[in-house]
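The values are calculated or read from the model by the stated rules, or taken from the named source; none is laboratory data. These figures come from a predicted structure and were not determined experimentally. Cβ sites come from the backbone with ideal geometry, for glycine too, and all protein chains shown count toward neighbours.
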Amino acid sequence: MIGGTSSVTVPFVAIAVKQQGIGGAAKVTLVAAVFMMVFSVLRMGRYIGKIPLTVVSGFSCGIGAMMVVSQLKIIFGLNIATSGASSVFTQLTQVMEHLGESRYAPFVLGMVVIAACFAIARIAPKAPAPLIGVVLSCTVALLFGLREKEVGRLPLEIPPFAGFTWSAADVYTVLPSGLAMAIVTAINLLITSRVVEHFRGRQKSMKAADAEKELGAYGIANICAGMFGAPMSIGIPARSLANVRCGGSTRFSNLVHGVFLLLFLSVGKDAVSRIPIPALAGVTAYVGICLLEWGTWRRLPKLRRADAAAFLSTAFCTLFFNAIAAVAIGCGMYGVRWIVEKVRASQANPAPLPAAGD
């Protein structure tokens with residue numbers, strides 16, 4: 001699983017920055033990281049491993065749809081502010097309303113990447129399809145003179161340590177925010193881990209020890225991130241799935257991922273700066289399409305009602321509401337099934353009436 005920043009932590013970091021600046025963000029990240037290590041020591045991660053596979057599939061599907069919708073503005077070349085939209089549905093509505101203003105250049109560059117990724121994945125499944133797709137898109141842009149917004153210069157300097165001081169008031173402000181962010185991050189992290197295992201073809205539940213190690217490792221990593229005021233790092237479905245599809249199946253692939261990022265930002269910084277933004281949007285959209293769980297949709301009519309309800313409710317609630325709440329609702333479907341079965345059992349086998357004279 002490849003780690004990185006995620007929008008799930010944005011509300012907590014934004015509040016901390018508003019209250020205390022970058023130092024506040026550093027404090028809430030450090031506190032959350034410590035709580036994650038506490039969760040690891042207390043072996044709380046194993047409970048996430050009990051989440052049913054249909055709920056994991058629904059979470060994957062919802063995240064995939066979110067990724068596709070989030071890139072539509074860029075792929076169609078629309079000049080609208082969807083980033084501040086309150087929901088994915090609002091973003092999709094805005095894109096549909098302005099579809100007549102689409103431009104062909106970004107659409108071509110994005111679709112070249114998507115089409116190339118699917119073609120390469122079918123011909124050579126272990127080849128780095130997204131990377132090849134981006135190269136092809138850049139080539140098309142040069143040959144046909146398609147000028148679109150590019151990545152631009154990416155600085156490669158180590159940031160200074162975040163400056164902050166602790167106060168008694170932090171017990172009432174930073175501590176609750178850190179705990180809440182740790183809970184949300186831990187759930188999101190371990191569910192993403194389940195999604196990665198699912199796409200690796202491992203249908204069994206993750207081992208309890210693996211869940212504890214995941215929490216502890218990311219807790220340590222985020223201690224280091226918080227020292228520099230960096231936001232919380234969790235598992236990223238897009239990059240993790242791209243890694244798996246290119247044959248990355250061990251921890252070593254994560255290290256190689258970091259090495260190549262460093263090389264791209266140092267040796268290849270000039271080439272990276274010239275990549276058109278629509279090409280990267282195409283990569284994100286492609287991975288999102290792959291996450292849509294097409295196999296589960298095909299099997300949906302054959303699934304038990306509880307399984308189908310868990311999958312659909314998790315997928316749609318992840319897409320339109322909140323990922324954590326979606327998982328809770330999906331798991332709740334099995335609770336409803338348990339209650340219904342108990343009621344039916346009691347009706348089928350009513351308690352015997354007391355005998356006369358009792």
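Return the pairs, sorted by first residue and then second, in which the second residue is assigned to a loop (DSSP other than H, G, I, E, B), the first residue lies in region 33-47 and is within 16 Å of residue 176 (Cβ to Cβ), the beta carbons are less than 9 Å apart, and the residues are 6+ apart or on different chains.
33/232; 38/44
Report whether or not residue 209 is under 24 Å from residue 55 (Cβ atoms), surrounded by fewer than 18 Cβ atoms within 10 Å (Cβ to Cβ) and modelled with pLDDT under 85. Don't jump to the end; show me each part of the working.
Numbers: under 24 Å from residue 55 (Cβ atoms): yes; surrounded by fewer than 18 Cβ atoms within 10 Å (Cβ to Cβ): yes; modelled with pLDDT under 85: yes.
Answer is yes for this residue.
Given the condition assigned to a helix (DSSP H, G or I) and modelled with pLDDT of 80 or more, answer yes or no: does some residue in region 149-161 qualify?
Scanning region 149-161, I find no residue that is assigned to a helix (DSSP H, G or I) and modelled with pLDDT of 80 or more, so the answer is no.
Of all residues being of a type in the set (Ser, Thr, Tyr) and touching a residue at least 24 places away in the same chain (Cβ under 8 Å) in region 212-252, which is surrounded by the fewest Cβ atoms within 10 Å (Cβ to Cβ)? Just the residue, please.
Within region 212-252, the match that is surrounded by the fewest Cβ atoms within 10 Å (Cβ to Cβ) is 249.
For region 115-141, give me each residue that is surrounded by fewer than 22 Cβ atoms within 10 Å (Cβ to Cβ), touching a residue at least 24 places away in the same chain (Cβ under 8 Å) and part of a helix (DSSP H, G or I).
118, 121, 136, 138, 140
Within the set of pairs 6 or more residues apart or between chains, which connect a residue that is over 19 Å from residue 105 (Cβ atoms) and β-branched (Val, Ile, Thr) inside region 268-281 to a residue that is part of a helix (DSSP H, G or I) and modelled with pLDDT under 90 with Cβ atoms less than 8 Å apart?
272/264; 272/265
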